[in-house]
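Structure first, commentary second.
The values are calculated or read from the model by the stated rules, or taken from the named source; none is laboratory data. Everything quoted here is computed from the prediction, not taken from an experiment. Here the Cβ positions follow ideal geometry from the backbone for every residue, glycine too, while neighbour counts run over all protein chains shown. The accessibility values were calculated without ligands, DNA or RNA, using every heavy atom of the protein model including side chains. Shrake-Rupley method; radii C 1.70, N 1.55, O 1.52, S 1.80 Å.
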Amino acid sequence: MNFEKHFEQELDALREAGNYRVFADLERAKGQFPRAKRHVDGRIKDVTVWCSNDYLGMGQHPNTVNAMKDALDKSGAGAGGTRNISGTNHYHVVLEEELADLHAKEAALLLTSGYVANWAALSTLGARLPNAVILSDADNHASMIEGIRHSRAQKTIWKHNDVEDLAKRLADTDPDAARIVAFESVYSMDGDIAPIAEICDVCEEYGAMTYLDEVHAVGLYGPRGGGVAEREGLMDRITVIQGTLGKAYGVMGGYIAGSANLIDFVRSFASGFIFSTALPPALAAGATASIKHLKQSEIERQQQRRNVRLLREKLDAVGVPHMLNDSHIVPVMVGDAKKCKFISDLLLDNHGIYVQPINYPTVPQGTERLRITPSPVHTESDIEKLVSALSELWSQCALSRAVA
């Protein structure tokens, strides 16, 4: 087989469909987010980032940065090994205690990313619980899907956020099986929010474990940033809460929180945890500082919500269509892969605005979009500039406008 030829053909097909991913070479400037420098063709250009998952700008916050500097000076760069073999630093222990407190759980386990946390936890639970059946929401993230697949447990997919369909599928499962219902609170592409209370009602009726991915909600919702489950007073009804430190908390890492026995079970059997080098102590220190800050500060969340409302109002005023939801994510709907990439390219090249196009397979064909994430540190001027540029490009691409 001509391997190189095959690689080339597959990549050419992606380019032809408008689905080839191009990375923007960005240089973040400490204390100036959402401003960044873009390196392109040997030149440096100023850009404003509108698609970052550093939702609250905590990756630039003095508390976060100073805690990391201090830990780096005290402990050096790396952790020195896996958690089992010399890699558990006191900063990891403190962070896990902070995470358990955040979610009102007995314990928490730190992993290297949210993806790894989902993969390790779901694969371990599915593989080692007797006669396990995992019921997965149809729109679950790839990390959850991979964890379920790797577990080799029986899998059932229920319609997205459809509690009635979940109940029917639970009723069809073996009542003696270890049933795990896996779902998210905020879904990252559409920005919709799960009916968590109703899902818990059904799971409790059938004796099923609830596994809730809160990666796009921790830090952002609830009086202390514990997520949608905290906001709705439901954390005690969730068996496993999974989250990330790489989005609203602005650093890196993933985790799960639950009972002491459950966390110890995953810690003892999950290969993705056992055989991975521990996060550098400085990252753990920065995450701890970020979590502590957002447990007591509402300023960032309030300003973000204000900017989300303002952006939506201004998009409505010019008829640029956006998907309605109750979250902080603003999907601007284009519906064509090539036009979506074209608009993204012109925003970046001509307006200094960076919004990554979201095309298939991340979203279904025909629902291509620009996924915009307003932060508390975007200004009203930033919002006006973004909306003006989008309106101009909407006309240039002859796209339909929403009717007020």
- Message: How long are the semi-axes of the equivalent ellipsoid of the chain, taking √(5λ) for every eigenvalue λ of the Cα gyration tensor, in whole Å from largest down?
- Response: 34, 27, 22
- SER276 accessible area, 1.4 Å probe, all protein chains in place, Å² to nearest 10: 40 Å²
- Task: Can you tell me the 0 to 90 degree angle between the C-alpha axis of helix 114-128 and the longest principal axis of the chain, rounded to 10?
- Result: 30 degrees
- Item | Whichever lysines have a C-alpha closer than 16 Å to that of LYS247, once near sequence neighbours (fewer than 8 apart) are set aside | LYS292, LYS295
- Given a 1.4 Å probe, how much area per residue of the range 61-105 is accessible, in Å²? 53 Å²
- Task: Straight distance only, please: which lysines reach the Cα of LYS155 with their own Cα at less than 18 Å, same-chain residues fewer than 8 apart left out?
- Result: LYS168
- At 222 nm, what helix-only mean residue ellipticity would the chain give, in deg cm²/dmol to the nearest 500, using -39500 (n - 2.57) for each DSSP H run of four or more? -13500 deg cm²/dmol
- How many angstrom separate the Cα center of the range 348-362 from the Cα center of the range 252-306? 29 Å
- Note on the structure: Taking Cα atoms, the helix 196-206 axis meets the longest principal axis of the chain at an angle in degrees (rounded to 10) of 30 degrees
- Note on the structure: Between GLU198 and GLN365, the FRET efficiency computed from the C-beta separation at R0 = 41 Å comes out, to the nearest 0.05, as 0.85
- Sequence-separation-based contact order of the chain, relative, with Cα cut under 8 Å and 6+ spacing, percent: 21 percent
- Query: Using a simple spin-label model with points 7 Å from Cα along the Cα→Cβ vector, what separation in nm is obtained for HIS90 and ASP316?
  - Reply: 5.3 nm
- Task: Compare HIS150, HIS103, HIS92 in a GNM of the chain, Cα atoms joined below 10 Å, and give the one with the largest fluctuation.
- Result: HIS150
- Item | Cut-off 20 Å, label 7 Å out along Cα→Cβ of ILE274, residues of the range 99-113 by amide N | 108-113
- Kindly flag which residue pairs out of LYS314/LYS339; LYS5/LYS341; LYS314/LYS341 have an alpha-carbon separation exceeding 24 Å in this structure. LYS5/LYS341
- Item | Gaussian network model of the chain, Cα within-10 Å springs - most flexible of ASP236, ASP176, ASP165 | ASP176
- What is the extension gain from GLN296 to HIS39, computed as 0.36 nm multiplied by their sequence separation minus the C-alpha to C-alpha distance, in nm to one decimal? 88.8 nm
- Query: Given labels modelled 7 Å from the Cα in the Cβ direction, how far is it in nm from GLU16 to ALA398?
  - Reply: 2.4 nm
- Message: Give me the 1.4 Å probe accessible area per residue for the range 213-355, excluding ligands and nucleic acids, in Å².
- Response: 35 Å²
- Quick calc, ARG309 & GLN9: beta-carbon distance into FRET formula, R0 51 Å, rounding 0.05, result 0.65
- Item | Sequence-distant aspartates and glutamates (8 or more away, or on other chains) whose Cα lies within less than 18 Å of LYS159 | ASP137, ASP139, ASP172, GLU184, ASP190, ASP192, GLU198, ASP201, ASP213
- Message: Let me see the P(r) profile for the range 88-225: every Cα-Cα distance counted, bins of 5 Å, each bin given as a percent of all pairs.
- Response: 2, 10, 19, 21, 21, 15, 8, 3, 1, 0
- Item | Heavy-atom accessible surface of the chain: percent carbon and sulfur, 1.4 Å | 51 percent
- Item | Sites ASN261 and GLU164 - FRET efficiency at Förster radius 22 Å, r taken between beta-carbons, to 0.05 | 0.10
